[in-house]
Each structure stands twice: as C-alpha cells, then as structure tokens.
Amino acid sequence: MGSSLCGITTLTNPTPPLVFTFSNGNVYDTIVNLASTGIPAYIIAHNGYPCSAVQLFDLQMQSVIAYLEKKTPSITLRGKKMKCRDFLKKLDLQNGIKATAMDTPLGRLHWREHERYGVALCWENDLSMSFPVAYGQPSAEELGLVITSSGTLLMDYILASFVVLHLERLRIDGGSIWE
C-alpha cells in the first residue's frame, strides 16, 4: 500500500504521514478511518436519491468541514461558499501536463496524476512531484489518502478537494462539478 514508510518514524521520516482509508472503496457514502488505529475520523454522506448534496463531517470536531451542492455546483468549506470551479481550477501545465489547482491560505497546490499513487498533491513549484503534500493509495480493496506532515495544516482543504475530485470521477447522477 503506497510508501513503505507510511506510519513509521525514522531519521528520514521524523513525522509519519496520516493515512486514511475509505470504508467502501470510494468517497460516496463512506466512513474515513485513520489507518493506524482503525478509528473513524470522518463521514462522507449524501442527502438522498437523487444526490443533490454531499457533506464531509469531522467526527472529532463534531462539525461539517465541507458541503458540496451539485445543483449550483458549489462547495462550502468551513463556512466559506464558492463555486467548485473556483475552488479547484483545471490547468494545462508545460509539456501538456494536466493539473487541478487549489488555492489555500498557505499557497497554491496542484493535484496531478501520478503513476505510483494515482493522484498526488504538490506545491505549484514542485513540478517533479518530489515532495507530495498528499497522495492517493489506490488498491483493489480500498481507497486511501496519505497526508504528509507538510499537509496537516491544510487537512480540510486536502480532504475536501480529494472528495470533490473523486466525486467528479464517479460522475454521480451524470452531472459534473465543472458545469
């Protein structure tokens, strides 16, 4: 499952990353568990059928982190509402590389396809993707997300963007968040 150093403290990995697993293998109606303990950390739930909204709920804080409305399409992240296309911007980088940009209080990050992790989130100037802030852990059994120590201050942004991108891939009810 991904990096062999996940969850292991070493001289080169002094703060192990947080590894999350999604109970049903995707981001739709699932429990997000902290892999090291198996303890549920978040719940992702939709509001019925047909799905018109999805929320990401933090079990420790007992609060909604993000609320995604498909009709508008918009996202409310910690109380700030914005269009999905403003939260996550599709980009064409050099050499035809595609990315999805996200502006955060600490700077701009890019989600990009990655041959080892499926997707990886890096700072915009890390074109080689040498130091991912977060990355996926796709496997046959379960979907996972690894957030490195450099990403813990942006946990809400990372989780919300990961959910939005995966919902877009699932194309629930045939709609797109970019419309």
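The values are calculated or read from the model by the stated rules, or taken from the named source; none is laboratory data. Quick caveat, the model's predicted, so the values are computed rather than measured. Ideal geometry is used to build each Cβ from the backbone, glycine not excepted, and the neighbour counts take in all protein chains shown. Side chains are part of the model used for accessible areas, which takes the heavy atoms of the whole protein and leaves out ligands, DNA and RNA. Shrake-Rupley method; radii C 1.70, N 1.55, O 1.52, S 1.80 Å.
Observations on the model:
- Hull volume in cubic angstrom per residue (convex hull over the Cα atoms of segment 20-66): 67
- Pairwise label distance in nanometres, D86 with T37, each label 7 Å out on the Cα-Cβ vector: 3.6
- Theoretical FRET efficiency, 1/(1+(r/R0)^6), r = Cβ-Cβ of L93 and N24, R0 25 Å, to 0.05: 0.15
- Using only alpha-carbon positions in segment 43-116, the gyration tensor eigenvalues give semi-axes of 26, 15, 13 Å once each is multiplied by 5 and square-rooted (largest first).
- Of the listed residues E142, E124, the order by accessible area with a 1.4 Å probe, largest first, is E124, E142.
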